[in-house]
Amino acid sequence: DADKANRKGSAVFRIVGDGKEIFSKKMVQGEKLYPINVNIRNIKSLENIVIGDYVKKVEANTFKNNTNLRTLKLGEGLENIGSYAFAGCSNLENSIIIPQNVIFLGEGAFYDCNSISRIILNDKIEKLYRYTFENCTSAEELYLGKGVKHIESDAFLNCSSLKSIVVPENVETID
């Protein structure tokens, strides 16, 4: 129940217009809202997602396989992106910029997002899990933040278009 979720301080999403955009926002009367922890994979019409600055976490599988998704803006308050949260969003375009407060980026978070052109990680993420960006076949640039210490196997498997990779000197292990 969105009203109950809002009283607990959880974020909610607002579906707007023709159902092609979704914004996270606080409760507004008379609008159709979805708690952020609800799996909304079945809403296939989404083309644009804006996650507000007060959202702390995107749960695992939340937007998985939304193949109509074209744009994504992640809020500065975000701290956790769950496993496979955006996996299979194959038409997600342009850059993925992980906000400065994100400390956890789950396994396969952007798996099969094969239209992303650039990936920029912040300085707080210490570990990249398996499959995080696997099959991001259009990604040409990869910037790892200074906090990255461990990169698990297959984190960037089949990122066949990479032309530029910036790896910080404090990386300790690459599996």
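Remarks
- The residues neighbouring residue 154, those whose beta-carbon lies less than 12 Å from its own, together hold a net charge of -3 under the Lys/Arg +1, Asp/Glu -1 convention.
- With both labels modelled 7 Å from their Cα along Cα-to-Cβ, the residue 68 to residue 161 distance reads 2.4 nm.
- Summed residue charge, Cβ within 10 Å of residue 111's Cβ, Lys/Arg positive, Asp/Glu negative: -2
- Long pairs among 73/149; 57/124; 57/163; 56/127, criterion Cα-Cα beyond 21 Å: 73/149; 57/163
- DSSP assigns beta bridges within the stretch 90-165; of those with both partners inside it, close to 0 percent run antiparallel.
- Rounded to the nearest Hz, the phi-derived 3J(HN,Hα) couplings of the stretch 160-175 under the Karplus curve 6.51 cos²θ - 1.76 cosθ + 1.60 (θ = phi - 60°) are 6, 9, 4, 10, 9, 10, 10, 10, x, 5, 8, 5, 9, 9, 10, 7, where x marks glycine and proline.
Values in this text are rule-based calculations from the coordinates and carry no lab data. Here the structure is a predicted model, which means the values were calculated and not measured. Note that we place each Cβ from the backbone using ideal geometry, even for glycine, and neighbour counts take in every protein chain shown.
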